[in-house]
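Right, one structure below, let's go through it.
What follows draws every value from the coordinates through simple rules; no lab data is involved. Quick caveat, the model's predicted, so the values are computed rather than measured. Don't worry about glycine lacking a Cβ; one is built from the backbone with ideal geometry, like all the others, and counts go over all protein chains shown.
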Amino acid sequence: MSGVFLTLNAGSSSVKFAIFDSNDPSTTPQIRGKIAGIGGTPVFSARKSNGVALDAGALSSLDVLSDHETLIGQLLPWLAAQYGKQPLLAVGHRVVHGGQNFTAPTLISPIVLQQLEALVPLAPLHQPHNIAAIRAIAKGQPDIPQIACFDTSFHRSQDRLAQLFALPRALTDEGVIRYGFHGLSYDYIASVLPEYLGEHASGRVIVAHLGNGSSMCAMKDRQSVSTSMGFTALDGLMMGRRCGALDPGVVLYLMQAKGMDAAEIETLLYRKSGLLGVSGISNDMQVLQTSDAPQAHEAIDLFCFRAAGNLAGLLPSIGGIDALVFTAGIGENSALVRKLICQRLDWLGIAIDDAENNENAITISAQHSTAKVLVIPTNEEAVVARACRDLLT
Ligand code: AMP
């Protein structure tokens, strides 16, 4: 049966959606849009695949301080008008945490929903919004199958050692392990690697997902072997507002010497650190790149220094590198960041072609580079839409 799939990605302050033709879920969605500014003044926008903006209709003014569930409820009639006569066959959700048990996309039932709720403590800033989106659809469209696609699943192929912290065994047993995130993005890149690398796609590849949230994944045979994010989406690379890897002693200092409580530390580490904290100017790479302030340059330099260091830390798990892939907002668009990271990797024999890099070409490595360096746009929604197709058939 033909129709459409709706994908939803409910983040802390936005809900992104996309509508896919069910016969062609692997490519560009027919419509892509979002409600941004949730928690303050929500703003709706949507475009067709050809870039033409769509009329917001009743969504042009949304109530201030509305929550995710309410806003998604209000979005549904607008979406239904876009489907026209095509039936909505399934709704696919990006769900940040699947714990140890959800290793693949899963049809959501009341029991699955309970299990997702039990994982809230592992991702308190993200998981509740994913669950709110699922509830909003269940309320507005109770007969439509809903499918959860997890950011953690892709990493469950890792060896046990790559997933362990050096903590007492009892904590490991209760699930304090390195889960890894951005799995939908890595899954997409892994799925298209053969188009870019042919038979070498199954070699040693490191994917750098550099966006507001940033991480890296080392792959072999297009499967995750190790990754920079750990128990939460706070670990690893420096990010827009998040600190990345941090000596845990700093957290003890904040508590003991500065008297900060858990909520204050959470805000500091998740919202006031990273590019924003170091520059004191912005969390946005594009803004920092156009700034003359030395603090902006220091923030960019630190971002790249730490990215190169993280990449080096992943190398032993795959025994070297045949290809480096840049993706996500910064990875796809910032020639400066790619150049600064690759300069710090020249000891590995990695070299880029400046002209190709400045044009955001697909292959940006120089002829003599020991590893191919590629820029591949990610498409997390396509992974969710494909999962809808696969689970329904
Ligand atoms: P994402 O979270 O994947 O949407 O990525 C957002 C990040 O990508 C922000 O820091 C943006 O400033 C950055 N970004 C987007 N376009 C560019 C660009 N042309 N140059 C530098 N950074 C960019």
Exercise. Between Asn358 and Ser2, what is the spin-label point distance in nm, taking each point 7 Å from the Cα along the Cα→C-beta axis?
Worked result: 4.7
Exercise. Counting each DSSP H run of 4 or more residues in the chain as -39500 (n - 2.57), what helix-only mean residue ellipticity at 222 nm follows after dividing by all residues, to the nearest 500 deg cm²/dmol?
Worked result: -11500 deg cm²/dmol
Exercise. When the chain is modelled as a GNM with alpha-carbon springs shorter than 10 Å, which of Leu89, Leu254, Leu122 fluctuates the most?
Worked result: Leu254
Problem set entry | Cleavage-rule hits (chymotrypsin sites (Phe, Trp or Tyr not before Pro)) in the stretch 138-167: DSSP loop, at most 12 neighbouring Cβ within 10 angstrom | Phe165
Exercise. For Lys372, which aspartates and glutamates qualify as cross-link partners when the Cα separation must be under 12 Å and same-chain residues fewer than eight apart are set aside?
Worked result: Asp322, Asp353
Problem set entry | Within-9-Å neighbourhood charge of Leu184 [Cβ basis; K, R +1; D, E -1] | -3
Seminar exercise, completed: If one compares the long axis through the Cα atoms of helix 68-83 with the longest principal axis of the Cα atoms of the chain, the angle in degrees, nearest 10, works out at 70
Exercise. For the chain, the longest stretch holding no trypsin sites (Lys or Arg not before Pro) located in a DSSP loop with at most 11 other Cβ atoms within 10 Å is which?
Worked result: 86-257
Exercise. Using a simple spin-label model with points 7 Å from Cα along the Cα→Cβ vector, what separation in nm is obtained for Leu315 and Gln289?
Worked result: 2.6
For this session: Work out the FRET efficiency for Leu125 and Ala104 from their Cβ-Cβ distance, taking R0 = 30 Å, and round it to the nearest 0.05.
Result: 0.75
